[in-house]
Amino acid sequence: MCRLRFPFLAAFLLVTMPVVPAALPLSAPPADSHIATIAGVEASLPWQARFVAVDTATAAADAARTGVAETWITIKNSGDREQTIRLDLTLTPRSSSQTQGLAFSHNVSLAPRSDLRVPLPSSLLARADYGLHDASIRLTTDGGQSSSATDVLALYPRNPQPARGESIMPIGFATGAALATPRLLEIASTLGFEYYRFNAVWSEVQPREKQWRWDRLDARLALLRQYNFRWHVTTTGSTRWSGPGQRFDPPRLDAWRDWITALARRYHDDIQLWEVWNEPNLPFFTGTVDQYDQLQRVAHDAIKAVSPDLPVTSGGYAGINHGRSKPGAFEAAFRAYPESCDWFAYHMHDAFPQFFNDLHIRLPEAARRARGDGTFPPLVFTETGFDTRFGQSFQASTLAKKMTYAAAIGAKSYTWYNLMDRAGRDTPEKPGHTFGLITNPTGTGDFASIEDDIRPKESFAAAATAIRLLRHARPLETWAQDGRYFAWLFALPENTRLLVAWTEGEATPDTLRVVRTGSPQTVVTKLDIFGNPTPVPSTDDLALVQFAAAPCYYLFRGGDAPPASHDPLVMLSRQIVPDSSGNVSIDFSLTNPLSRPLVLTAPEPLTIPARETAVLPLRRAIPPGAFGDIHSLSIPFAFANLPWTPSLRVPVVFNTLDATSPAGQRFTLRELRHVTNKQDHDPHTLHLLWSGPNDLSVQGTLRAFRPASSSTIRLRIELEVTDNTLHPAASGSPLLDGDALELGWASASGSSGRLEIAADPGDSPRVAGDPAHRRALASAVIRSEPARNPWEGPRIHYTLELDLSRMGLTKTDLASGFRFNLALHDNDGDGPKSWIALAPGLGGPASFRPSDFPFLRAQAAR
């Protein structure tokens, strides 16, 4: 195994300096904020010091640290005179429980035109948590101080690379079309990745039918062996001489068979698995579904003739919700199993809820339609990830969630896409370009040109712990997967069990669950997403597990039986919303798992008899908020004579729409959090993803009123929609495949309704929905307005009225509020794109969840 080992520079001179007064003048900020500069002296973190791998006593996730890779700061004196400098470094943890930064000072003298390395003490790094740390570097001379330079440092456990067959779910990585350099392979090896996915370019190896050139591919495979990686081979693309002439055209089957056979024979000992083509359900394969089926079968048979035991996957199919997917492609792939593939390969780049929905519902449904026998082929994820459109912490959590769920459903392997970003530092959260674990300062695919300027992301540090734990995880039980709460139990080596748990959605409150540990000898440890351990105390063989927004790993080591789940100790059964006076009522449900009374001392005293359930009502005042805001309360709990002292996050959701005033309820939808993309976040379909407010945004008003000489209440909906292209659905197509408005509502009694209204200009747009619900639409007028200036799109105006008496609502619904939601769907002419909504819960019949809707008050309180 190749390790990052960096020798110290032997010669550097320590000197003594007086303390410099705080009032010394600051030098001008340097052009590069990563470099501290003063009087011709520069100090910075080299790339090696940004990736700090920690050696551990064993491969266990909570193993003790035994050493840290040598780490240093580089100081360079470019002047003509000797300089005496004080170097100050502060490390501030970005996302961990460590609340204070760590400081280091060092005094040095530098000869003219010289440089040296100042090593960071191992004792300093030993006190730092795993995860990302923001580094601040400052230089001081007797003449002043430099501005602070900033950088980032990842501290993470070094993972050994398992031998072939050792992992239950091998985990590898990809870099897209660009190829990893030796330095990137060295860094990736410290995370414990087992294989590297890249394409074997047929035209590069066989430019003419009788001509073979293996030198480039031989060199790449030699590099993989040097860093102990196996090859996840893809074979996408034809040659000009083997087919119609374009790269993604179907080749002649005889030439294709010869190419696959030659490749299999030459590299059979290097290959981890074989993915026959990349995303053949998209235009990456220009042929038909039947032509690809032939291609897959020929490749499968040729590979098996050479290496019968080598896994052959289907082509890597892009997400089932992909607008450009060929009709029938998934069904054909499922029917072809097992004759032409061992595993079904899937690509999915969306966030976890869509990932879960695809794997839990949509793909099994497609397999049932195709086969009719209930058979679902073994799964392998040959390309899946998420970008940093919602920030680095969200990406890191998504990585842990997706890898966990892949392990829970028995995936045969998991390939993270991507190792490197393809967006520059000016767009660090650019959708579709920031799938990487490592930043890219310019966005180039020429990785060698930017190697000195790469930096780890939070997902990089999170990957180290996820890989260490989940590659050896054998699924045991599903404890929760209801869309709000997720938890799975796994078996690990050395009599250890692993529980991974979290809540999904920022409006979902934490919950506490009691777990029977299985034995008094069982030791329970909680790991955060980066692997920082916290002991979990137990009593009566019971431990407390908290489901929170960030995934947590719980290790149960020792004991004769696996842990068993009890009822939740503390939970909330409903979403918490403020009342009109700015207060919230929180009714906690507490279940006592003990054979003796449970005495609660905080947040308020309460005694619960043995094995019984009680309600703890709390009332709290909260600051005001606008519609859509979420304010989180932290509620501490404590119990008499028990070691449990958790704090629960309780989100308070401002989700009441007040349509009773003369002005009505105004709202604006123009942020990414309001948007759901209908397409997979595939890097090749960026044009089908929401690109900003000019692509789709909404300003709206909801106002309840009584028409003259009428006893019923109507809801008037006025929307001004900015949309760069007006494109309603074609005749006969689903209305929500084009520009359209979707409305949904539900009463307290459980009745609900949903309407789809096409963006057809005029006063008689097409409407879809239950006939009873359609009668609630009293009027609808839609008109288009040209763009007001060159940098904005045209506007579509919706003016609608709903007759509330025809919506199945009760008097209580009108007085107290009922669930209501709306969504605008977008299509710019190249396929369904996205929808923008007041709240989750809309997006077609399959996504209809009224429990997520806001409350709408249509009648003033009396």
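The values are calculated or read from the model by the stated rules, or taken from the named source; none is laboratory data. All figures in this text were calculated on a predicted structure; none of them were measured in a lab. When we count neighbours, we look across all protein chains shown, and the Cβ atoms used for this are built from the backbone with ideal geometry, even at glycine. Ligands, DNA and RNA are excluded from the accessible area calculation, which covers all protein heavy atoms including side chains. Shrake-Rupley method; radii C 1.70, N 1.55, O 1.52, S 1.80 Å.
Just a few scattered comments:
- Using a probe of 1.4 Å on the protein chains alone, the accessible area found for Glu477 is around 90 Å².
- For the peptides 247-254, 607-614, the ranking by mean Cβ contacts within 10 Å, running from highest to lowest, is 247-254, 607-614.
- Region 529-611: C-alpha gyration tensor shape, a/c 1.5 cut-off, then a/b vs b/c: oblate
- Cα-based convex hull, the chain, per residue volume (Å³, whole number): 213 Å³
- Region 478-654 shape via C-alpha gyration tensor axes, a/c threshold 1.5: oblate
- Top positive-direction residue, dipole computed over region 657-857 with Cβ charges, set Ala815, Gly753, Thr799: Ala815
- Pairs beyond 24 Å (Cα-Cα), from Lys326/Lys678; Lys76/Lys430; Lys326/Lys833; Lys412/Lys678; Lys402/Lys430; Lys402/Lys678: Lys76/Lys430; Lys412/Lys678
- Averaging the Cα positions of each part gives two centres, and for region 455-469 and region 56-105 these lie 19 Å apart.
- Region 478-654 - percent relative contact order, Cα under 8 Å, separation 6 or more: 20 percent
- Ranking of Thr539, Thr812, Thr140 by solvent-accessible surface, largest first: Thr812, Thr539, Thr140 (1.4 Å probe, protein heavy atoms only, all chains present).
- The share of accessible area on region 35-157 that comes from carbon and sulfur is 45 percent, using a 1.4 angstrom probe.
- When +1 charges are put on Lys and Arg Cβ atoms and -1 charges on Asp and Glu Cβ atoms, the dipole computed for region 245-332 relative to its Cα centre reaches about 180 debye.
- Accessible area per residue was computed with a 1.4 Å probe on protein heavy atoms; Trp212 scores about 90 Å².
- Summed over the residues of the chain and divided among them, the accessible surface reaches 39 Å² per residue at a probe radius of 1.4 Å.
- Span from the region 182-257 Cα centroid across to the region 321-367 one, whole angstrom: 25 Å
- Selected from Tyr554, Ile529, Thr444, residue furthest toward positive end of dipole (region 423-573; charges at beta carbon): Tyr554
- By accessible area with a 1.4 Å probe, ligands and nucleic acids excluded, highest first: order of Lys811, Lys402, Lys304: Lys811, Lys304, Lys402
- Using only side-chain charges placed at the Cβ, +1 for Lys and Arg and -1 for Asp and Glu, the dipole size of the chain relative to its Cα centre rounds to 700 debye.
- Of Pro643, Gly165, Val767, farthest towards positive along the dipole that unit charges on Lys, Arg, Asp, Glu beta carbons give the chain: Pro643
- Net charge, Pro533 excluded, C-beta distance under 15 Å - Lys, Arg +1, Asp, Glu -1: +2
- For the chain, the 222 nm mean residue ellipticity estimated from helices alone, with every DSSP H stretch of n ≥ 4 adding -39500 (n - 2.57) and the total spread over all residues, rounds to -4500 deg cm²/dmol.
- With all protein chains in place and a 1.4 Å probe, the accessible surface of region 657-857 carries 49 percent carbon and sulfur.
- Peptides 217-224, 504-511, 238-245 ranked from most to least packed by the mean count of surrounding Cβ atoms within 10 Å: 504-511, 238-245, 217-224.
- In a reduced charge model with +1 at each Lys and Arg Cβ and -1 at each Asp and Glu Cβ, region 536-662 shows a dipole moment near 140 debye about its Cα centre.
- Between the alpha-carbon centres of region 501-545 and region 625-695 there is a gap of 26 Å.
- Portion, in percent, of the accessible area of region 478-654 that falls on carbon or sulfur, probe 1.4 Å: 53 percent
- In Å, descending, principal axis extents of the Cα set of region 35-157: 52, 25, 20
- Extension gain, Ala708 to Ser733: 0.36 nm times the residue separation minus the Cα-Cα distance gives 5.1 nm.
- Computed on the chain, with alpha-carbon pairs under 8 angstrom and 6+ residues apart, the relative contact order is 7 percent.
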